[in-house]
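K.L.:
Handing you this structure, nothing more for now.
The values are calculated or read from the model by the stated rules, or taken from the named source; none is laboratory data. As the structure is a prediction and not an experimental result, all values here were calculated from the model. Virtual Cβ from ideal backbone geometry, glycine too; neighbours counted across all protein chains shown.
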Amino acid sequence: MTDFNKPFADLNSAGLPPGKSSEADRTEPPRKSRGRVDIIRQKAGRGGKTVTVVKNFVGIGLPEKEKLAREMQKACGVGGTVKDGQIEIQGDKREEVARILTEAGFRPVFAGG
C-alpha cells in the first residue's frame, strides 16, 4: 500500500545517492587568501604627521585599491589617497586597516616600526 502523503518515499530504496543537505547550500567555501600586504606607519617627510601606508598589493588594479581606500577612510573617519600603487590613510590606523584587509581576503602584515 502506497502512502499518498509521501509520494517519493519509495525512491529512498531505489539506490539513488543522497542529495545535498540544506546546510551545505548555505555555507560558503572559505575564502582563499589574496596574498600578503604590508602595513607601515610613516612619519618621515610628512611634516611630523603620521600616515598608515598599505603596499605590496599583487594582482589588483587601481579601481579596487580606490574602493578599499574609501572603505578604510569611512571606517577610520579620516582622509586618505591611493598614490604610486599604495594606499595612504591619515593617522596611525593600522588595526582598523588590518581588519578591513582581512575581511577583503588579504593577509595583512605589520612591517617596519
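K.L.:
Considering only residues that are of a type outside the set (Lys, Arg) and within 9 Å of the chain's Cα centre (by Cα), which ones fall in the stretch 93-113?
P.N.:
Ile100, Leu101, Thr102, Glu103, Ala104, Gly105, Phe106
Residues checked against (1) modelled with pLDDT of 90 or more; (2) of a type in the set (Asp, Glu); (3) closer than 15 Å to Ala104 by Cβ; (4) out of contact with any Phe, Trp or Tyr (no Cβ under 9 Å at 6 or more places or on another chain):
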| site | (1), (2), (3), (4) |
| --- | --- |
| Phe8 | no, no, no, yes |
| Arg34 | no, no, yes, no |
| Lys67 | yes, no, yes, yes |
| Arg70 | yes, no, yes, yes |
| Ile89 | yes, no, yes, yes |
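K.L.:
If I go through the stretch 52-71 residue by residue, how many of them are exposed (fewer than 15 other Cβ atoms within 10 Å of the Cβ) and among the hydrophobic types (A, V, I, L, M, F, W, C)?
P.N.:
2
K.L.:
Please enumerate the residues belonging to the stretch 74-104 that are more than 18 Å from Lys49 (Cα to Cα) and among the hydrophobic types (A, V, I, L, M, F, W, C).
P.N.:
Residues satisfying the conditions are Ala75, Ala98, Ile100, Leu101, Ala104.
K.L.:
Something else now. Residues in the stretch 72-103 that are surrounded by fewer than 17 Cβ atoms within 10 Å (Cβ to Cβ) and either touching a His at 6+ places or on another chain (Cβ under 8 Å) or not β-branched (Val, Ile, Thr) (or both): how many?
P.N.:
12
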